[in-house]
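The values are calculated or read from the model by the stated rules, or taken from the named source; none is laboratory data. Here the structure is a predicted model, which is why all the values come from computation and not from measurement. No Cβ is skipped: glycine too gets one built from the backbone with ideal geometry, and neighbour counts run over all protein chains shown. We work out accessible area using only protein heavy atoms, side chains counted, and drop any ligands, DNA or RNA first. Shrake-Rupley method; radii C 1.70, N 1.55, O 1.52, S 1.80 Å.
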Amino acid sequence: MLNEFKEFIARGNVMDLAVGVIIGAAFNKIVTSVVEDLVMPIVGALTGGGFDFSNYFLPLSANVTATSLAAARQQGAVFAYGNFITVLINFLILAWIIFLMIKAVNRMRSSLEKQKEAAPAAPPPEDILLLSEIRDLLKQRA
């Protein structure tokens, strides 16, 4: 059982998956920072300043009188649509960045394929040429 586990872990796709998860977690931090530190302040400035989606909510209970989402959640049920808007913006930015990355990779692949097509084919090695000549000579004798 231990050997099977070692084989499982040693497979390339398991290691690729582990690397992908780690890079994905780091990428998530970058996107979160882009949204919270760059995009949301600009949106706030364009909408009159002080605009923060995360504190937009509708109280679902008469007991909720707080003005911040964290305090309102302690008082009772709330419909936190502002938090949803923030998560939606995060998703859209992430999807756009991934789209741009895939587009760049596809462009690089196509340019590499064009370079391969444009490069002349290398002549066959000397031993292959020699074997081809021997084959042709044997065909002539038969």
Quiz prompt | Residue pairs meeting the criteria (Cβ under 7 Å; at least 6 apart or on separate chains; first more than 16 Å from Met101 (Cβ to Cβ) and free of Cβ contacts under 8 Å to residues at least 40 places away in the same chain, in the range 3-29; second surrounded by 10 or more Cβ atoms within 10 Å (Cβ to Cβ) and aliphatic (A, V, I, L, M)) | solution = Phe8/Val14
Quiz item: Before we move on, is Leu131 over 30 Å from Asp37 (Cα atoms) and surrounded by 10 or more Cβ atoms within 10 Å (Cβ to Cβ)?
Solution: yes
Exercise. Determine which single condition Gly49 fails, assuming it passes every other condition in (1) open to solvent by 80 Å² or more (accessible area, probe 1.4 Å); (2) modelled with pLDDT under 80.
Key: (1)
Practice problem: Read through the list (1) surrounded by 10 or more Cβ atoms within 10 Å (Cβ to Cβ); (2) over 30 Å from Phe53 (Cα atoms), then give the number of the only condition that Asn83 fails. | Solution: (2)
Self-check item: Pair list, Cβ < 9 Å and 6+ apart or interchain, from the range 127-142 residues that are hydroxyl-bearing (Ser, Thr, Tyr) to residues that are in a loop (DSSP other than H, G, I, E, B)
Solution: Ser132/Pro124
Quiz item: How many residues does the range 56-81 contain that are of a type outside the set (S, T, N, Q) and in contact with a helix residue (DSSP H, G or I) (Cβ under 8 Å, 6 or more places away or on another chain)?
Solution: 9
Exercise. Test Ile42 against the criterion of being free of Cβ contacts under 8 Å to residues at least 24 places away in the same chain, out of contact with any His (no Cβ under 6 Å at 6 or more places or on another chain) and within 20 Å of Phe99 (Cα to Cα), and give yes or no.
Key: no
